[in-house]
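Values quoted throughout were computed directly from the atomic coordinates according to the rules given, and no laboratory measurement underlies them. Note that the structure is predicted; figures quoted are calculated from it, not measured. For neighbour counting, all protein chains shown are included, and Cβ atoms are generated from backbone atoms with ideal geometry for every residue, glycine included.
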Amino acid sequence: MITVLKHGVTKQQRDQLIEWFEEQGLGVHISEGQYQTVLGLIGDTSRVDEELVASLEMVDSVKRISEPFKKANRKFHPENTVIRVGDVTIGDGSMVMIAGPCSVESEEQILEVASRVKAAGAGLLRGGAFKPRTSPYDFQGMRAEGIELLLEAKKATGLPIVTEIMSAAHLPLFEDVDIIQVGARSMQNFELLKELGKLHKPILLKRGLANTLKELLMSAEYIMAGGNEQVILCERGIRTYETFTRNTLDLSAVPALRELSHLPIIVDPSHATGIARMVEPMALAATAAGADGLIIEVHNNPPKALCDGAQSLTPDQFAQVAEKVRKVHAALQ
Ligand code: PEP
Ligand code: MN
C-alpha cells in the first residue's frame, strides 16, 4: 500500500504518520521526490483502514499495490533510482558501457583489455573471476587471483570493476569490487540474494535463463528487502525455441521494466546473441529502447578466449560499437 502526501506537509506531520504506521507493525519506505512524498507500507497491510488514512488532512491519496514486489516497484518510488560508482552514474539518463572479457585470464590480458575499453569510452570494466560453466571440465575462472588482477586493472585505469559472485562464502574476496554481479544461473539463489541485501554496494542482477520479469523483480526485492536498494536489472536474453542465437534477447523487457520499476536497466547483447557480429545491432537496438547501459564482452584475442570467444568483440570492434551507441543515444535526447 502507498500513501501519497500532500504538497507542503511538514516533517513533523510526516513523522507522526510514520510512527502511527510503525505502531501497527508496518515498515515504512519513504520516497521523497521533487513533487511528492510517497510512503510505501511494507508488511501485512490488510488491517490498515484505507478510508481512515485517505481522510487524513495531510494525505493526498492511498493506493493498494497488487504486485508482490514493493521496494522495486515504481509506485513505491516514482522517480528513477540513480546509482553512483566513482565518477559513473547509472540510471540518470546517461548511457554507461561496461566492457571487458568474459573471464580474467592473465595479467597482460586484463590490463590490455581494460586500457583499450577505457580509451573507447567504457565507464566500467567487467571480467569473470568465478565462472558459472555448464561443464565442470571447462575453465572455471581464476577465482581469487582473478579478482586481484581486476583490482590491478582498476588501479591502472581508474575503471571501477564488475564481477560475478557465485557463493556467499566468497564475499570477503569482493570487498573492493565496485559492483557485484549475480549471474543468470544464480538469479533465484535466494540465500545469496539475502546476503547481498546486507551490503552497501550496487548489485547487477541478471535475468535468469527462463525467468519472467516479475520473477526478476522479486529477486531484486530479496536484495532490497535486506536494506540494499542499489540494484541494477540486466536483460541478457532468455531461452526460447530458437536455436540460431544463444538466447533470445527480450528487448521489450526494457520498456516493461521501466514501467514496473524505478531501478536502472542494462542490456547484455553478448550473452543474448552469443554471436559477435550480432552484438552491434542489438546494442544499438537496446540503446534505442531506452536502456541505461550495456554490458559487452571484449577480448584482446577472441579466437583464443578461454570462455565465450564467439561472442566477444575485439577492442577495435568495441570502439566502433561504442561510437555508434553514443550517436544513437544522443539522437534520442
Ligand atoms: C557473464 O556475464 O559472464 C555471464 C556468465 O552471464 P550470464 O549470467 O548472463 O550467463
Ligand atoms: Mn560470458
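Key figures
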{"item": "The chain: relative contact order in percent, alpha carbon pairs under 8 Å with at least 6 residues between", "result": "16"}
{"item": "Cα gyration tensor shape of region 137-177, rounded if a/c is under 1.5, else prolate or oblate by comparing a/b with b/c", "result": "oblate"}
{"item": "Span from the region 1-48 Cα centroid across to the region 123-151 one, whole angstrom", "result": "43"}
{"item": "Three principal axis lengths of region 144-271 [C-alpha, angstrom, descending]", "result": "40, 34, 24"}
{"item": "GNM top mover of Leu41, Leu217, Leu159 - the chain, alpha-carbon springs below 10 Å", "result": "Leu41"}
{"item": "Unmatched cysteines, the chain - criterion: no other Cβ of a Cys under 4.7 angstrom", "result": "Cys234"}
{"item": "Where Rh is the Kirkwood radius over Cα pairs, Rg/Rh for region 203-333", "result": "0.98"}
{"item": "Solution diffusion estimate, µm²/s, Stokes-Einstein, region 152-218, Kirkwood Rh from C-alpha pairs, 4 °C, viscosity 1.567 mPa s", "result": "102"}
{"item": "In Hz, Karplus ³J(HN,Hα) per residue of region 182-192 (6.51, -1.76, 1.60; θ = phi - 60°; x = Gly, Pro)", "result": "9, x, 3, 6, 9, 3, 10, 7, 5, 5, 5"}
{"item": "Kirkwood Rh and Cα Rg combined as Rg over Rh, evaluated for region 39-180", "result": "1.18"}
{"item": "Ratio Rg/Rh, restricted to region 1-67 and using Cα atoms, in which Rh is the Kirkwood radius", "result": "0.92"}
{"item": "Per-peptide average of other Cβ atoms within 10 Å, ordering 86-92, 55-61 highest first", "result": "86-92, 55-61"}
{"item": "Under-5 Å amide H pairs with Thr81, H placed in peptide plane, nonlocal only", "result": "Leu263"}
{"item": "DSSP beta bridges in region 185-293 [antiparallel fraction, %, rounded to 5]", "result": "10"}
{"item": "Phi-based couplings in Hz for region 226-233 (Karplus 6.51, -1.76, 1.60; Gly and Pro marked x)", "result": "x, x, 8, 9, 8, 10, 10, 8"}
{"item": "For Ile296, distant residues with modelled amide H under 5 Å away", "result": "Ile98, Ala99, Gly100"}
{"item": "Nearest-0.05 FRET efficiency for Ser61 and Lys324, computed from C-beta distance (R0 41 Å)", "result": "0.40"}
{"item": "Percent RCO, i.e. relative contact order, over region 47-144, from Cα pairs under 8 Å lying at least 6 residues apart", "result": "18"}
{"item": "In sequence order, calculated HN-Hα J values of region 22-39 (Karplus, 6.51, -1.76, 1.60; Hz; x Gly/Pro)", "result": "5, 4, 8, x, 9, x, 10, 9, 9, 10, 9, x, 5, 10, 8, 10, 10, 9"}
{"item": "Cα gyration tensor shape for the chain, rounded if a/c is under 1.5, else prolate or oblate", "result": "prolate"}
{"item": "Amide H within-cut-off set for Asp60, under 5 Å, with H built and near neighbours excluded", "result": "Val4, Leu5, Lys6"}
